[in-house]
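Peer 1: Handing you a structure now.
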Amino acid sequence: MTCVPTLRRRLAVVLFGLATLAVAFAQGDRKFTTDKTLATEARMFVQLLERYHYNRDAVRPEDYAEVVPDYMAELDPQHLFFLNSDKAAFSEKYAKNIYYNASLLGNIDPAYEIYYVYDTRVKNRINWVFAELDKDLNFSAEESYRIDRTKSEWPSSEAAADDLWRKRLKFDLVGEMLNKKTLEEAKTIIRKRYERWLKSNAETDGGNLAEAYLSTIAHLYDPHTTYFSADTFEDFAIQMKLKLVGIGALLGVDDDVCSVKEIVPGGPADLGRQLKPADKIIAVGQDGAEPVEILGMKLRKIVDMIRGDKGTHVHLIVQPADATDPSTRKEIVITRDTVKLNSARAHAGVFQVPGPEGVQQPIGVITLPAFYSDTDEGDTDSDKSSASKDVAMLIGQLKHENIQGLVLDLRHNGGGYLTEAIDLAGLFIPQGPIVQVKDSTGETHVDNDENSQVTYSGPLAVLVDRFSASASEIVTGALQNYGRAVVIGDSSTHGKGSVQTVVEMKSLLSRDLASSVDPKTGQAVKTGAAKITIQKYYLPSGASTQNRGVVPDIVLPSVDDYISGIGEAALPHALVWDQIPTSFFDGAPLNAKILTPLRQASLERQNKLEEFSYLRQNIDWFKIHQEQKLISVNLDERKKQKDEDDAFRKKMKAEKDVLAKGDYPVKEFRLGPPRPPKIKAPKKDDSTDEDDDSGLDDDDSDTYAKADVHLRESLRVVSDAIALGRNKELWAANRPPLTSAAGG
C-alpha cells in the first residue's frame, strides 16, 4: 500500500488526454500494428513523464537507449532465450531513435519486432526441450546451474544456449525428483510446464506488449511509475478497493515466477499467517483437483485461478522466501473471503517482563498491520475505525493495566493513509512537524501534528523490519527525530519514500474518445491509467526516507537482511536518497548518554542469550545457501544437501520449541474478532515432519508468534529504559528518557 495524500494537497496538473490502447492483432501470422489511437497514447504518455514526473530532469533522451535491453529483459528476465547477438542487433537498429520515435511519433514498433524474435526463440527452444526429454539424461555429472541469471549475459551462441538449457533441464528434473517424483513423473511435469509456457506465449497480444514497452520507458524514471492497460487497471482498482473475494494478497510476476508482493491486512492470507511476502507461488489447486503449475503463466490468469467464491478453498504450492533449497515446497490452504477491516485492526497485549530486580513489570505492545482509515471500503462496522483512533483506544486499555512502557510493532506494515500516519505520531508527541512533502518543482509542504494532547507519554520503542514501508517509515523516522522512541529491528526499513498518483485516462479523454465504441464488440472502449511518482517524503530533520529507509538505533540480526530483492535499494532506477532543510521542531535524536547504555545492554544479550544463537544459526545457514549462486544438478549431491537441510530444520524447530517455553506471559486485547485457526494442508501418505519448512516465523499461537526473538528483545530494551528513568543521574536532561517531555 502507498501513502495517500489528502485531496487538498494532491498535485494539481493539467494532463494531455491519452486515448485508449488499441492494437490490431492477426492471430494467424502474429503480426501487431499500431493504430493512430495507440500512437497518440504512446506519444502523450512520454510527454506526461517529461512534464510531471518527480525525476523528470534526471532522464535524458539518450537514456532511452536502455529501453532495448530492459525490454528484452522484460520478455526474457532469466536471459535464456535471446542471444547476445540479438542485443547487439536490436541496439544498433533501434536504440538511437527510441526517444524520438516514442515522444514525437508515438512509434512503438520495436516492442513488436523484438517480440517476434523472442517468440521464435521460445518455440524453437521448447521443441528442443521436448526432444531432450525423450533422451537418457546423465544426473551423475559434476555440473551446476546458475539459478538467478537476471544479471548474466545472454548466451553468446546457439551452442552456448544449448549447453545452458541442458543444465537448466536437469535442474528442473532434479527439483521434481527431490520432491519424491520418479524420473518419468518428473519428465511429465516438466513437459506439461513447457506446454503451458507455449500456450501462455501464444496468448500474448499487442496490448500486453504495448503495456510492457511503455512501462519499460516509465521505469527509466523510477520503479514505481508504470502504465496500466485497461485490464491491468481494472485489476488494480479491484485490489485497491478490496472488494474482490479472494485471498487478500498482492501478486506480481518476476522472472516468470509469481511472487507475493504484499499481504493485505485483514485478508484471508493475513489471517492464516502462513503465506509471507516474497514467497513464490509455484502451483494453484482447487479442492479435489491436482494443483496446476503456474510458472511462466500470465499474472491475470494466475489471479483468476486464485479468485473464487466466498468460503471455498484454494491450495497454493509455495516456495518460501526463506527456503534454502529451490526445491523446497510447502502447501498452504486458504479460505477465500472478502477483506474485513475489523480483522486488520490494531491489537495489543500486556507482557509481564522481568525487571532488573527480577520483579515482573507490565509492558504493552501494540501491533499495527496498516495505516487504515474509516474511509476504507469494506468497513461495515457501525462504529467506523481508523488506525490512529484504534491505537488511542488500545493505549487507554493498556493504561488501565498500568503498563510501564510500550512497544509499537510496525513490522510488515506496508503503509496506508498519510493523514493516519500524522495523527498516529501525534499520539506520542505534544505537537509539531511529522513529515515534509516535496514535489518536482522543489516546493515543500510540512504536515504537522496540530493536537497538543499526548495520549501516551511513557517510555516507547518502535519495532520495524525490512517490510516496514511508507507511512510506517514516516512515523518511525519522526519519533526517532524527536528522540521520543528508541527504534529497534532489521538493518533498515524498506526505503519507499515516494508518492504516486494514478491518472485514469477516461477522465482525461475528449468527449468523443471517452464515449467511443469498439467496432468489434459494440461495447464502450475500456481505458487504462498511468501511475506516476509525483512527490517525495522527508522527515522533520530533512532526511529522506527514500532508498535508505530508517536505520534503527538498535539493530538486531535478521534473515530479512539477506533475502534478495527486499527493499527499495534493490530496485533498478530507484530514486536517490537526499536531504532538504530541516523543519523547526522541538526535539532531537536520542542523546548518547541514553542510547549508548541501551545499545550496549542489547549487544551483551545478543552475545549471551541462546535465542540469538538460534537466530544466528538460521541466518548463517540461509546466507550460505543465498550466496551459493551455482546449484548442483548432480542428483546424489542434491539428495545429500536436502538431507542436511532437513536435519538442520528439524534441529532448529526443536530449539525453537525449547525457547518458546521462555516466552513472557501475555494478556491480549483485540478490537475485532480473534484470528481464525490455520487451515493445515492435508498430509500426504508419504510425508514426514522433516518435509515441512519450519521457517523462522512458523506460528501456531493465536496472535503472537512463538519465540519471537525481536519482540522479546524490544521488551527488554524498554525495560532497560524504564530502569534508566528511575535513576536521575543517568538522565540526559532534567526529564526521564524516552518520554514525551524528554526532547531527545
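The values are calculated or read from the model by the stated rules, or taken from the named source; none is laboratory data. Bear in mind that the values here come from a model prediction, so they are computed numbers and not experimental data. Here the Cβ is made from the backbone with ideal geometry for all residues, glycine too, and neighbour counts use every protein chain on show.
Peer 1: Which numbered condition in (1) buried (at least 23 other Cβ atoms within 10 Å of the Cβ); (2) part of a helix (DSSP H, G or I) is the only one that V435 fails?
Peer 2: (2)
Peer 1: Additional query: Scan the stretch 632-659 and report the pairs whose first residue is of a type in the set (S, T, Y) and whose second residue is assigned to a helix (DSSP H, G or I), with Cβ atoms within less than 7 Å and a gap of 6+ or a chain change.
Peer 2: Pairs found: S632/R638.
Peer 1: Can you tell which of G252, G296, G266, G288 is outside the structural domain of T37 (by TED's automatic domain parsing), at pLDDT below 85, touching a Leu at 6+ places or on another chain (Cβ under 8 Å) and part of a loop (DSSP other than H, G, I, E, B)? Before you say what the answer is, go through the steps one by one.
Peer 2: On the way: G252 fails: part of a loop (DSSP other than H, G, I, E, B); G296 fails: touching a Leu at 6+ places or on another chain (Cβ under 8 Å); G288 fails: touching a Leu at 6+ places or on another chain (Cβ under 8 Å).
Exactly one residue qualifies, and that residue is G266.
Peer 1: Please work out if L571 is more than 24 Å from the chain's Cα centre (by Cα) and under 30 Å from V486 (Cα atoms).
Peer 2: Answer is no for this residue.
Peer 1: Picking from Y194, Y145, Y221, which residue would you name as being of a type outside the set (D, E, K, R) and assigned to a helix (DSSP H, G or I)? Steps first, please.
Peer 2: On the way: Y145 fails: assigned to a helix (DSSP H, G or I); Y221 fails: assigned to a helix (DSSP H, G or I).
When all the criteria are applied, what remains is Y194.
Peer 1: Would you call D409 at pLDDT 95 or above, within 28 Å of the chain's Cα centre (by Cα), in the same structural domain as N481 (by TED's automatic domain parsing) and closer than 14 Å to L460 by Cα? Let's see the steps before the verdict.
Peer 2: Working: at pLDDT 95 or above: yes; within 28 Å of the chain's Cα centre (by Cα): yes; in the same structural domain as N481 (by TED's automatic domain parsing): yes; closer than 14 Å to L460 by Cα: yes.
So D409 fits the description; yes.
Peer 1: Tell me which residues, restricted to the stretch 309-323, are in a loop (DSSP other than H, G, I, E, B), on the phi < 0 side of the Ramachandran plot and surrounded by fewer than 18 Cβ atoms within 10 Å (Cβ to Cβ).
Peer 2: D309, K310, T312
Peer 1: Kindly list the number of the only condition in (1) surrounded by 18 or more Cβ atoms within 10 Å (Cβ to Cβ); (2) not in a helix (DSSP H, G or I); (3) not hydroxyl-bearing (S, T, Y) that fails for Q628.
Peer 2: Answer for Q628: the failing condition is (1).
Peer 1: Looking at (1) buried (at least 20 other Cβ atoms within 10 Å of the Cβ); (2) free of Cβ contacts under 8 Å to residues at least 40 places away in the same chain; (3) under 28 Å from V365 (Cβ atoms), which is the one condition that is false for K261?
Peer 2: (1)
Peer 1: Regarding A210, is this residue at pLDDT 95 or above, in a helix (DSSP H, G or I) and among the small types (G, A, S)?
Peer 2: no
Peer 1: H710 is checked against (1) under 25 Å from D409 (Cα atoms); (2) modelled with pLDDT of 85 or more; (3) surrounded by fewer than 18 Cβ atoms within 10 Å (Cβ to Cβ) and fails just one. What number does that condition carry?
Peer 2: (3)
Peer 1: Given K276, K280, K310, which one is of a type outside the set (V, I, T), at pLDDT 80 or above and touching a Ser or Thr at 6+ places or on another chain (Cβ under 6 Å)?
Peer 2: Just a single option satisfies the conditions, and that option is K280.
Peer 1: Okay, moving on. Mind listing whichever residues of the stretch 76-102 are within 22 Å of E211 (Cβ to Cβ), hydroxyl-bearing (S, T, Y) and more than 32 Å from the chain's Cα centre (by Cα)?
Peer 2: The answer is Y94, Y100.
Peer 1: Could you grab me the full set of residues in the stretch 163-182 that are loosely packed, with under 14 Cβ neighbours inside 10 Å and either part of a helix (DSSP H, G or I) or modelled with pLDDT of 95 or more (or both)?
Peer 2: Step one: of the stretch 163-182, the residues loosely packed, with under 14 Cβ neighbours inside 10 Å are 163, 180, 182.
Passing the criteria: D163, T182.
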